[in-house]
Amino acid sequence: MEPSMNALSDFPITARWPAKHPDRLQLFSLNTPNGVKASIMLEEIGLPYEAHLVDIGESESWTAEFLSLNPNGKIPAIIDPDGPGGRPLGLFESGAILLYLAEKTGKLLPADPGLRWETIQWVLFQAANIGPIFGQVGFFNKFAGRTFEDKRPLERYRDESKRLLGVLETRLDGRDWIMGDDYSIADVATLGWVRNLIGFYEARELVAFDELKHVPAWLERGLARPAVQRGLQIPGRSAA
Ligand SMILES: N[C@@H](CCC(=O)N[C@@H](CS)C(=O)NCC(=O)O)C(=O)O
C-alpha cells in the first residue's frame with residue numbers, strides 16, 4: 001500500500017466504483033467460484049460490506065481503476081477501510097481475503113495453532129490445485145476449448161480433477177467438514193468450486209461425480225447454509 005493511502009477515496013478504484021457506505025468493507029467482485037469465496041465469507045461472518053459488480057465479461061477487471069487495486073486483473077478484491085492500525089487495506093487473491101477476514105473477526109479459523117495451520121493448508125490446497133485445475137476443465141469442456149479437436153488437454157484436466165476430488169473424498173470420510181466438526185474457511189474456499197464443476201462447467205458425468213459419496217454429502221451440507229446461498233448470488237447481475 002502506498003504511504004498516502006489513508007482514506008478510502010485515495011484508492012483510484014473508488015472513482016469507477018464509488019462507495020455509498022465508505023465506512024463499510026468494499027468488495028469488488030462477481031459471483032464466480034473465486035468471487036463467491038469472498039462473498040460467502042462476508043455473509044458467514046456478518047461484517048457490514050458493500051458489493052460492487054465487476055463485469056469480467058466486459059473486461060472491467062482490466063481497467064486502470066481495477067488494476068490499481070489488483071495488478072493481476074482478477075476478481076475478487078477488497079478494501080477494508082478499517083484495516084490494521086485503523087488504516088485502509090486493499091487486498092486481492094481470494095485465499096488471502098479469506099485469511100484476512102478470518103483473522104480480523106476470529107471466525108472460521110481455529111485458534112489452536114496446529115488446527116489453524118491445518119486449515120490454512122486446505123485453503124491453499126484449494127487455491128493452488130482445485131481452482132486452477134477445475135478452471136481448465138471449464139475451459140476445455142464448456143468454453144472456447146470445447147471445440148478443440150485434440151482432446152488430450154481436456155483428458156489431462158479431467159483426470160487431475162478426478163484425482164483432486166478423490167483427495168477430498170478421502171479427507172471427508174468420517175468428517176462433516178474439511179476440518180472435522182467445525183465449518184471453516186477451507187470449506188468456504190472449496191464449496192463454490194465443486195458446485196461450479198458439476199453445475200456451470202457441466203462436468204458432473206465427465207468427472208464421475210456420482211461415484212463419490214462424501215464429497216456430494218458435504219456439498220449438500222454446505223449449500224444448505226443460508227450464508228452460502230446468499231453469498232453465491234453476490235454480486236449478481238442485478239447488483240448496482
Ligand atoms: N488466484 C485468484 C484467481 C482469481 C480469478 O481467476 N478470477 C477470475 C474469475 S473466477 C477472473 O477475474 N477472471 C477475469 C479475467 O481473467 O479476465 C484468486 O483466487 O483470487
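The values are calculated or read from the model by the stated rules, or taken from the named source; none is laboratory data. None of the values given here were measured: they were computed from a predicted structure. Cβ sites come from the backbone with ideal geometry, for glycine too, and all protein chains shown count toward neighbours. For the accessible areas, the whole protein counts, side chains as well, though only heavy atoms, and no ligand, DNA or RNA atoms are used. Shrake-Rupley method; radii C 1.70, N 1.55, O 1.52, S 1.80 Å.
Being in a loop (DSSP other than H, G, I, E, B) and among the acidic types (Asp, Glu) is the filter here; which residues of the stretch 193-240 pass it? Let's see the steps before the verdict.
As a first pass, look at the stretch 193-240 and keep what is in a loop (DSSP other than H, G, I, E, B): 199-208, 212-213, 224-225, 232-240.
Listed by number, the residues that qualify are 202, 205.
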Open item on the list: Given the criteria open to solvent by 80 Å² or more (accessible area, probe 1.4 Å) and within 16 Å of the chain's Cα centre (by Cα), does residue 195 qualify?
Closed with: yes
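Could you say which residue among 56, 13 is open to solvent by 30 Å² or more (accessible area, probe 1.4 Å), within 15 Å of the ligand (Cβ to nearest atom) and β-branched (Val, Ile, Thr)?
Values: 13 fails: open to solvent by 30 Å² or more (accessible area, probe 1.4 Å).
It is 56.
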TODO: Report whether or not residue 230 is of a type outside the set (Phe, Trp, Tyr), out of contact with any helix residue (DSSP H, G or I) (no Cβ under 6 Å at 6 or more places or on another chain) and either open to solvent by less than 30 Å² (accessible area, probe 1.4 Å) or modelled with pLDDT of 95 or more (or both).
DONE: no
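With respect to residue 149, determine if the residue is surrounded by fewer than 21 Cβ atoms within 10 Å (Cβ to Cβ) and assigned to a loop (DSSP other than H, G, I, E, B). Give the derivation first.
Working: surrounded by fewer than 21 Cβ atoms within 10 Å (Cβ to Cβ): yes; assigned to a loop (DSSP other than H, G, I, E, B): yes.
Answer is yes for this residue.
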Open item on the list: Can you say whether residue 160 is part of a helix (DSSP H, G or I), away from the ligand (no atom under 16 Å from the Cβ) and in contact (Cβ under 8 Å) with a residue 60 or more places away in the chain, as far as the supplied structure shows?
Closed with: no
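I'd like the full set of residues that are of a type outside the set (Val, Ile, Thr), assigned to a loop (DSSP other than H, G, I, E, B), open to solvent by less than 60 Å² (accessible area, probe 1.4 Å) and near the ligand (Cβ under 9 Å from one of its atoms), limited to the stretch 60-102. Steps first, please.
Kept after step one, since they are of a type outside the set (Val, Ile, Thr), are these residues of the stretch 60-102: 60-62, 64-74, 76-77, 80-96, 98-102.
This time we only want the ones that are assigned to a loop (DSSP other than H, G, I, E, B), so: 70-74, 76, 81-83, 87-88, 93.
If we keep only those that are open to solvent by less than 60 Å² (accessible area, probe 1.4 Å) as well, we get 70, 73, 76, 81, 83, 88.
The answer is 70, 73, 76.
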